[in-house]
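Everything below concerns the one structure shown next.
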Amino acid sequence: MNILAGIYIAAALAHVIGKLMPSAQTWTFIFFSVLWILTGVAVIIRELHGGHESLAELGIGTLPPVIVGSAVILLIARIVAHYEPTPGFSILIAEWGLMFWIGGYLLVMRDAYHKKKLEEDLANKPHESSNQSLEPTAGRRDDQI
């Protein structure tokens, strides 16, 4: 129900934007619908996992800011291209901006994967140390150093 309500809100926003700029009406609807659907799916996945954060939920939940940031970068590049005599700087803005957002998304996902693997390794860690060099020696005291 939440996803359907979000699509209805996206249609209303697209209608308002369409009155101001008719060429942007379809893209506005698609943009807001995708954001709302991704957010709803992330919430559903979190609920299915009992409130525990999974990699799928994190990946889907992180996509809306990436999409918004990419759309803002493309909008800025489009505005710059409208006012510049030769299209060079706007293409540079678009390329570097998109690389920034996509690279940031990939870094977040990499760090989440490594954090999850570390937590799994720490949960399965044996209680006794297998490395004897880490064990304190019996005859050594700190005040004798």
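The values are calculated or read from the model by the stated rules, or taken from the named source; none is laboratory data. Model, not experiment: these values are computed from the prediction. Counting neighbours? That spans all protein chains shown, and the Cβs are built from the backbone with ideal geometry, glycine included. Keep in mind that these areas ignore ligands, DNA and RNA; they rest on the heavy atoms of the full protein, side chains included. Shrake-Rupley method; radii C 1.70, N 1.55, O 1.52, S 1.80 Å.
Tell me, yes or no, whether the stretch 104-117 has at least one residue that is of a type outside the set (K, R), modelled with pLDDT of 90 or more, exposed (fewer than 11 other Cβ atoms within 10 Å of the Cβ) and under 14 Å from P65 (Cβ atoms). Within the stretch 104-117, one or more residues are of a type outside the set (K, R), modelled with pLDDT of 90 or more, exposed (fewer than 11 other Cβ atoms within 10 Å of the Cβ) and under 14 Å from P65 (Cβ atoms).
Mind telling me which of the residues L92, L55, L63 ends up being open to solvent by 40 Å² or more (accessible area, probe 1.4 Å), more than 26 Å from D111 (Cα to Cα) and not small (G, A, S)? Working first, answer last.
Working: L55 fails: more than 26 Å from D111 (Cα to Cα); L63 fails: more than 26 Å from D111 (Cα to Cα).
When all the criteria are applied, what remains is L92.
Looking across the stretch 26-51, the residues that are farther than 18 Å from S70 by Cα and either touching a helix residue (DSSP H, G or I) at 6+ places or on another chain (Cβ under 8 Å) or among the charged types (D, E, K, R) (or both) come down to G40, V41, A42, V43, I45, R46, E47, H49.
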